[in-house]
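Written out below as structure tokens is the structure these notes cover.
Nothing in this text is a laboratory measurement; each read-out follows from the coordinates by a stated rule. Everything quoted here is computed from the prediction, not taken from an experiment. Cβ: placed from backbone, ideal geometry, glycine included. Neighbour counts: every protein chain shown.
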Amino acid sequence: MDRQEIIARIQALKKEKRAIVLAHYYTLPEIQDLADYLGDSLGLSKQAAATDADIIVFCGVHFMAETAAIIAPDKKVLSPAPEAGCSLADSATAEGLRQWKEAHPNGLVVSYVNTTAAVKAQTDYCCTSSNALNVVRSLPEDCEILFGPDRNLGAWICQKTGRKMELWDGCCCVHDQITSEMVNSMLDRYPDADVLIHPESKCVNDPAILAHPRVFFYSTAGIMDHSVRVNKNRFVIATEEGALYELGKRSPQKEFIPVAQGVLCEEMKKVTLERLLETLETECGQVRVPEEIRQRALLPIERMMNL
Ligand code: SF4
């Protein structure tokens, strides 16, 4: 089958099987083009909750498909790349979190959605980079917060909210490559451009970057919104490079420059057209979460979605 035939077959199978394809902004362009919904973690979770399709094919990494299976237990959630992992999700284990909670018995646990179901099951509130500030601001002023697993996002939330939090020492190996030096070099080189940065990036720890008038920190969805809304012709983008494809589609007349070459998540590129087709044909790769864990993991996700 050539590429066009594969695409046509995927489209036909989606209709035939009442399947919906959800894809993250960091997947390959050809997968983004086939998605019924393209988004970041928060948007994809909302779509998984809202869809009336029978099958959800989740194009992303494992924890994302697992989150969909937690939210939508009556759907068949399929992952075309079940082995696709995430350095951030891998940095926190259920046992490690249990010990951390034991050391801080009065702490409320706020976990980034990039965690396993077992970690979510021990969490009080989930958050994504889109809603992390709102989630933390909604918690009582006097409560201790244990935030994990991303130390950079945690540090950024502390800066923005003025709240002290205990931070888990994990990171995204992709965004943690984005340094102050890279950002400063692009600010010098493109004096007319806004620099849009994902808060998982290492440079959140630099006060001069945080205070710079042409630097803005956003989730990937927030980066998309800023680039459309703001009347500038050029933006430097400091997040995973897959996002550049959708940015270019939304504003073809604008220029989007990656902050550096190679800010790339290999795990997100594991879903290919061939694997997507095979998944729809065979319905293999179903993601299941044990019911007892699913029910406990659902609570912090629901608290997040209700905010
Ligand atoms: S970009 Fe980072 S946080 Fe996202 S899936 Fe890849 S490793 Fe995980």
Compare G170, G60, G96 in a GNM of the chain, Cα atoms joined below 10 Å, and give the one with the largest fluctuation. G96
For all pairs of alpha-carbon atoms in the stretch 88-167, what percent lies in each bin of width 5 Å, listed from the first bin to the last filled one? 3, 17, 31, 27, 17, 5, 0
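Local charge sum around S251 (other residues, Cβ-Cβ under 12 Å, Lys/Arg +1, Asp/Glu -1)?
+3
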If each of R137 and D52 carries a label point 7 Å out from its Cα toward its Cβ, how far apart are those two points in nm? 3.5 nm
With only helices counted (DSSP H, runs n ≥ 4, each -39500 (n - 2.57)), the per-residue ellipticity at 222 nm for the chain, to the nearest 500, works out to -12500 deg cm²/dmol
Report, to two decimal places, the Cα Rg of the stretch 150-260 normalised by 2.2 N^0.38 Å (N = number of residues). 1.04
Taking the chain and dividing mean pair separation by its residue count, relative contact order in percent (alpha carbons under 8 Å, at least six apart): 22 percent
Hey, if you put +1 on the Cβ of every Lys and Arg and -1 on every Asp and Glu Cβ in the chain, which of L264, C126, C172 ends up farthest toward the positive end of that dipole? C126
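Order these by the 10 Å Cβ neighbour count, fewest first: K249, K15, K75. Don't jump to the answer; show the numbers that get you there.
Numbers: K249 12, K15 8, K75 19.
Taking fewest neighbouring Cβ atoms as first place, the list is K15, K249, K75.
Quickly rank 40-50, 276-286, 111-121 as a protection proxy: mean count of other C-beta atoms within 10 Å, highest first.
Details: 40-50: 20.6, 276-286: 17.2, 111-121: 25.4.
My ranking of the peptides, most packed first, is 111-121, 40-50, 276-286.
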Would you give the gap between the C-alpha center of the stretch 289-307 and the C-alpha center of the stretch 184-212, rounded to a whole Å? 35 Å
Over all distinct Cα pairs, what is the inverse of the mean 1/r for the chain, reported as the Kirkwood hydrodynamic radius in Å? 19.9 Å
